[in-house]
Amino acid sequence: MDVEQPESSEPHVPTSGPERAALDREALLQPDFLSATGISQLTIVESTGSTNQDLVRAVTVEPKKWADLAVLTAEHQTAARGRLDRHWESPERSAVSVSIVLRPVTAEGMPVPTQSYSWLSLLAAVALREALQETAGVTADIKWPNDVLVNGRKIAGILAQMTAVGDGSVPAVILGVGLNVTLAEEELPVQTATSLALEGATTTDRTALLKSYLSRFARLYRSFCNSEGDPAAGLAGGPSLHKRVESAMVTLGREVRAHLPGDHELVGHASRLDEHGSLLVVDHGGREHVVTAGDVVHLRATESGYA
């Protein structure tokens, strides 16, 4: 998984760049860290096509081998995939590319309702936003449905994929996050992207950033599961997931243009999120429309701002 760049239809092939540090395997595999987060296993690979696609295949072939909170991260992805099957490539060791197996159950082992799964990518966005603020000193915003922005430019993308299971176990969700860390201006695939290095982050240590994100995600995820996937319930001793997302979302309160399947277009005011994490848009005739993450091809503000 990597940062989706929606304006680019062709894979982005980077030129050679500066030497970048490898992930600290010892720090990531430290037993105390894995135990504290509840990560069941953490696998680090040098290169792969897509961490999300790797885990989709792995969970399908060997579901019992890949438990809840199994993590796969790669130093380099050659065929990273985003929403709507968009592909690109980032320079080696320039990003955090990580995917997690999720099998959402409560503390009592009861499955979380699948209708709550639509909130998982937003939960990841909240966790990443917290990690960027607290670890790198960078303030980020959430753009519905799956982007994280800094100063209006995309720094990270999120992709959630549900896998079919035939053994009666809880359906797995593969949740991938790609964060641009040390890309220089000339290495960005599109002008609307950015990186932590370009935004003056206090650190570009990918190991520290990955640990921070995983720690925060695991804490929020476990709390969300224990509330049976209720987005209105208090989360990890603080506000609900619904409130956390809405308070950080630049999409709300804006005039937006949603491109939908079949070359349809909806223009209106993005008013709020419903209980399923869908975006409610009021058109110029006063009619309210429900736009789901799975239905939207692209969403942009009609005035100057994010794209």
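The values are calculated or read from the model by the stated rules, or taken from the named source; none is laboratory data. These numbers come from a predicted model, not from an experiment. FYI the Cβ positions are ideal-geometry reconstructions off the backbone, even for glycines, and counts take in every protein chain you see. Surface accessibility is based on the protein's heavy atoms, side chains included, excluding ligands, DNA and RNA. Shrake-Rupley method; radii C 1.70, N 1.55, O 1.52, S 1.80 Å.
Worth pointing out:
- Shape call, segment 164-307: gyration tensor on alpha carbons, a/c limit 1.5: oblate
- FRET efficiency, T78 to V282 (Cβ-Cβ, R0 45 Å, nearest 0.05): 0.60
- Protection-proxy order for peptides 144-154, 234-244, 91-101, each taking the mean of Cβ atoms within 10 Å per residue, highest first: 91-101, 144-154, 234-244
- The gain in end-to-end length when the S35 to M110 segment is fully stretched comes to 24.8 nm, 0.36 nm per residue minus the alpha carbon separation.
- Applied to segment 138-143, the Karplus parametrisation 6.51 cos²θ - 1.76 cosθ + 1.60 on θ = phi - 60° returns per-residue 3J(HN,Hα) values of 10, 8, 10, 10, 9, 10 Hz, with x for Gly and Pro.
- When the chain is treated as a Gaussian network with alpha carbon springs shorter than 10 Å, the biggest mean-square fluctuation among L55, L29, L214 belongs to L29.
- Computed lengthening from T60 to S240, 0.36 nm per intervening residue step minus Cα-Cα distance: 61.5 nm
- Accessible surface of segment 17-73 [probe 1.4 Å, protein heavy atoms]: carbon and sulfur percent: 54
- Residue-normalised accessible area of the chain, given per residue in Å² at a 1.4 Å probe: 41
- Sum of -39500 (n - 2.57) over DSSP H runs of 4+, divided by residues of the chain (222 nm, nearest 500): -7000 deg cm²/dmol
- Computed over protein heavy atoms with a 1.4 Å probe, the carbon and sulfur contribution to the accessible area of segment 91-206 reaches 48%.
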